[in-house]
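A.B. asks: The structure's right below; bear with me while I get my questions together.
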Number of protein chains: 2
Amino acid sequence: MPLSDYLRSAFDALRFPSRPEGLYEPISYALDGGGKRLRPTLLLMAFGLYDDHLDTALPAALAIETYHNHTLLHDDLMDHASMRRGRPTVHVKWDANTAILSGDTMLIEAFDFLLQGSWPRKDEMLRLFTRSMREICEGQQYDVNFEQRTDVTEAEYIEMIRLKTSVLLGCAAKLGALAADAPEADADALYRFAEQVGLAFQLQDDYLDVYGDPAVFGKRIGGDIVCGKKTFLLINALQRADAPTRSRLTALLADTAIDEATKIAEVTAIYDSLGIPTLTLEAIDSYYAAALRELDALSLPAHKAEPLRQFAGSLLARRK
Amino acid sequence: MPLSDYLRSAFDALRFPSRPEGLYEPISYALDGGGKRLRPTLLLMAFGLYDDHLDTALPAALAIETYHNHTLLHDDLMDHASMRRGRPTVHVKWDANTAILSGDTMLIEAFDFLLQGSWPRKDEMLRLFTRSMREICEGQQYDVNFEQRTDVTEAEYIEMIRLKTSVLLGCAAKLGALAADAPEADADALYRFAEQVGLAFQLQDDYLDVYGDPAVFGKRIGGDIVCGKKTFLLINALQRADAPTRSRLTALLADTAIDEATKIAEVTAIYDSLGIPTLTLEAIDSYYAAALRELDALSLPAHKAEPLRQFAGSLLARRK
């Protein structure tokens, strides 16, 4: 059975209590939303390198996806986002207090899933999980703080997206390895593999927001430019531009009267003139290559890691 | 050293990271607020019945107080409460998003504290902790749901306050016992002891809100009546009243035009006529007595539990 079907069955089989009304229904709603389930997929793939009995790893897979959806519930509330996976967000469909309390409960359920497993290195897994969760909160806070700053460096930005996005992918891969009692060096290599894939994926998201094909990307092109979001592209453009261009770029981003299409076109033209697209694609390729090198270092026959190579490739193949 | 000093030193010695700005400062602020630290005190007292090395239990004491303050942060936000322990609440001093994210981080820190301990029955302690946390979320949700209902029974109310308040006291006492590797029967008796104390304490709070001495109670007398809060007193009054009195009581509570002092005086007069104060004091005494019986059943010389008897007595001695 493909991993996606295995996970769908597992999530479909989850049953939360029916009472009290209003507490568990939003949790089922959030988890039923589906999504790509990248993190539990990655966890099971890493586990599968060393052990075929996927059911052993399942509690950890449920934990990481439930935790991830907890962050989405609270992030959507903090960002006032009204839609998620084509459906109203929990704080819109219910209310803010429901999103807070059901979101808190999901964090508790995530821990509880992890406690249900019986693994020789369970304590190490629990510590990795809490450390990762704390780092993700830190990443979210840096992201908030960056909104108020105009001097964010590339290094700071990479560290922010590492914390906010990559750490949970790394955690997923390493949890899978630890659940299978893999060699410590392999578990760490798999963490770094997923971490690098996560960085590349986030930079690709920044790139596609400007240079993607709207029919493929699924989001409006130029959304980050309209919001003045500090992306890898903008941070590097501000750093590379000469003084007049930097002034023009800053003025454009601050201009709320300008037509949005004009703003997007002008900012994109500046990016083009500064070589930002090439720079970004090179950075993506660099993180992607670093990720693949981690797989080469595993204590396994090379072909075993082929599914993980394909996983990374499928995430990072998009240039449009 | 008295337990209160021991705990104050322990909380004073806590150091959270300084970065990212805005994430950990509200956590320190919340934990620095002090309060009575009932839950870690109870945990250390239960532990101290079986083991003198308090430092062994400290991570669990820090965990339970950090978790409790997490619930206060999120509850204050959900209730739009502006003050806590004489200071502005976190969502007032910072903002709602800070209360959400720093509150989430406190829940993670609470787990992390518990993971730092090395106890033979750590897995059992972690499971008890997550089960209790889930039950507390359920209690909070029942409390919210009851606001919309007029037919809440005494049994439903007792179950709600058990979940919302008592479970964490029970959890604290049992965690202390488990950290000391106490006999299972003792750990369960200590859970029930704290649970019964919690029920008595909540009913006392309901009682004092109407019949307390404002100089001693610390809150405005009649606050629950003004808010129309479904307390033990109101639920029993609605159940005991004849039809005309019930109509009068319901009308009074719904009347927002009436002078508050008049409303409080009239509702209190109805409570008096129905024997509600005596009924409530009897219920408090009954839970208190049940709590003390649990201590008598411990596998220890009777004098050992004296500090816990005094703890319960000091919480429940107030009749004004």
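A.B. asks: Over the whole of A:123-129, what's the average partner chain Cβ count within 10 Å per residue? Rounded to a whole number, please. The partial results should precede the final answer.
C.D. replies: Working: counts 5, 0, 0, 7, 4, 0, 4.
Average per residue, whole number: 3.
A.B. asks: Just to be sure I understand the model, the point goes 7 Å from the Cα along the line to the Cβ. What's the resulting B:Asp12 to A:Leu281 distance in nm?
C.D. replies: 6.2 nm
A.B. asks: Give the residue from A:Pro244, A:Gln204, A:Ile221 lying farthest towards the positive end of the charge dipole for the range A:194-252; charges sit on Cβ (+1 for Lys and Arg, -1 for Asp and Glu) and the dipole is referred to the Cα centre.
C.D. replies: The one lying farthest along the dipole's positive direction is A:Pro244.
A.B. asks: If you count only protein heavy atoms with a 1.4 Å probe, what accessible area per residue comes out for chain A, rounded to a whole Å²?
C.D. replies: Counting only protein heavy atoms, the per-residue value for chain A is 41 Å².
A.B. asks: Here's a follow-up. Could you report the buried accessible area between A and B, both sides summed, computed with a 1.4 Å probe and given in Å² to the nearest 100?
C.D. replies: Accessible area lost upon association: around 3500 Å².
A.B. asks: Follow-up. At a threshold of 8 angstrom on Cα-Cα distance, excluding pairs fewer than six apart, so keeping six or more, what relative contact order does the range B:133-320 reach in percent?
C.D. replies: On the way: 205 pairs, mean separation 47.9, N = 188.
RCO, the range B:133-320: 25 percent.
A.B. asks: Taking the Cα centre of the protein assembly as shown as the origin and placing charges on Cβ (Lys, Arg +1; Asp, Glu -1), which of B:Met125, B:Ala182, B:Tyr157 is farthest toward the positive end of the dipole?
C.D. replies: Of B:Met125, B:Ala182, B:Tyr157, it is B:Tyr157.
A.B. asks: Where the only charges are on Cβ atoms (+1 Lys, Arg; -1 Asp, Glu), what is the dipole of chain A about its Cα centre, to the nearest 20 debye? Could the numbers behind the result be given before it?
C.D. replies: On the way: 34 positive and 47 negative charges, 73 e Å.
About 340 debye.
A.B. asks: Where the only charges are on Cβ atoms (+1 Lys, Arg; -1 Asp, Glu), what is the dipole of the protein assembly as shown about its Cα centre, to the nearest 20 debye?
C.D. replies: Values: 68 positive and 94 negative charges, 61 e Å.
Here the protein assembly as shown has a charge dipole of around 300 debye.
A.B. asks: Does any residue of the range B:139-168 lose at least 30 Å² of accessible area with all protein chains in place compared with its chain alone, and if so which ones (probe 1.4 Å)?
C.D. replies: B:Gln141, B:Tyr142
A.B. asks: Something else: What are the distances, in nm and sorted shortest first, from the label point of A:Asp5 to the label points of the same position in each other copy, with each label point placed 7 Å from Cα along the Cα-to-Cβ direction?
C.D. replies: Those label-point separations list as 6.9 nm.
A.B. asks: Still on this structure, please answer the following. Of the trypsin sites (Lys or Arg not before Pro) in the range A:14-112, which ones lie in a loop per DSSP and count no more than 16 other C-beta atoms within 10 Å? It would help to have the intermediate numbers written out before the result.
C.D. replies: Values: sites: A:Arg15, A:Lys36, A:Arg37, A:Arg84, A:Arg85, A:Lys93; in loops: A:Arg15, A:Lys36, A:Arg37, A:Arg85.
When the trypsin sites (Lys or Arg not before Pro) of the range A:14-112 are filtered for loop state and at most 16 Cβ neighbours within 10 Å, A:Arg15, A:Lys36, A:Arg85 remain.
A.B. asks: Note down the magnitude of the dipole of the range A:184-320 about its Cα centre, charges +1 on Lys and Arg C-beta and -1 on Asp and Glu C-beta and zero elsewhere, to the nearest 20 debye.
C.D. replies: Charge dipole of the range A:184-320: 220 debye, to the nearest 20.
A.B. asks: Gap in Å between the Cα centre of the range B:78-112 and the Cα centre of the range A:120-165?
C.D. replies: If we compute the Cα centre of each part, the gap is 20 Å.
A.B. asks: Any idea how far apart B:Thr153 and A:Asp51 come out in nm if each label point goes 7 Å out from Cα toward Cβ?
C.D. replies: Between B:Thr153 and A:Asp51, the simple spin-label model gives 4.6 nm.
A.B. asks: Going out from 0 in 20 Å bins, what whole percent of all Cα-Cα distances in chain A drops into each bin?
C.D. replies: Result returned by the calculation: 30, 56, 14, 0.
A.B. asks: So, one more: With a cap of 13 neighbouring Cβ atoms within 10 Å, and only residues DSSP puts in a loop, list the trypsin sites (Lys or Arg not before Pro) found in the range B:135-190.
C.D. replies: In loop regions of the range B:135-190 (DSSP not H, G, I, E or B), the sparsely surrounded trypsin sites (Lys or Arg not before Pro) are B:Arg149.
A.B. asks: Ok, one more. Per residue of A:103-115, what is the mean number of Cβ atoms on other protein chains within 10 angstrom of that residue's Cβ?
C.D. replies: Working: counts 4, 12, 7, 1, 7, 12, 4, 1, 9, 7, 1, 3, 6.
Across A:103-115, the average partner-chain Cβ count within 10 Å equals 6.
A.B. asks: Still on this model: How far is A:Gly313 from itself in the other copies, in nm, if each label sits 7 Å out from Cα along the Cα-Cβ line, shortest first?
C.D. replies: 7.7
A.B. asks: With a point put 7 Å past each Cα toward its Cβ, work out how far A:Asp213 is from B:His80 in nm, to one decimal.
C.D. replies: 5.0 nm
A.B. asks: Tell me which of B:Leu115, B:Trp94, B:Leu23 sits at the most positive position along the dipole axis of the range B:1-123, charges placed on C-beta atoms (Lys, Arg +1; Asp, Glu -1).
C.D. replies: B:Trp94
A.B. asks: Here is a further query. Per residue of the range B:116-123, what does 6.51 cos²θ - 1.76 cosθ + 1.60 with θ = phi - 60° give for ³J(HN,Hα)? Whole Hz please, x for Gly and Pro, Karplus curve as stated.
C.D. replies: My calculation for the range B:116-123 gives 6, x, 10, 10, x, 10, 4, 4 Hz in order.
A.B. asks: Using helices alone, I'd like the mean residue ellipticity at 222 nm for chain B: each DSSP H run of four-plus residues gives -39500 (n - 2.57), total over residue count, nearest 500.
C.D. replies: Value at 222 nm, helices only, nearest 500: -23000 deg cm²/dmol.
A.B. asks: Measuring from a point 7 Å out along Cα→Cβ, what nm distances, shortest first, does B:Gly275 have to its partners in the other copies?
C.D. replies: Ordered by distance, the counterparts are at 9.1 nm.
The values are calculated or read from the model by the stated rules, or taken from the named source; none is laboratory data. Given the structure is predicted, the values throughout are model-derived calculations rather than measurements. A quick note on method: Cβ atoms are made from the backbone with ideal geometry, for glycine too, and the neighbour counts reach across all protein chains shown. Areas reflect the complete protein model, heavy atoms only, side chains present, ligands, DNA and RNA absent. Shrake-Rupley method; radii C 1.70, N 1.55, O 1.52, S 1.80 Å.
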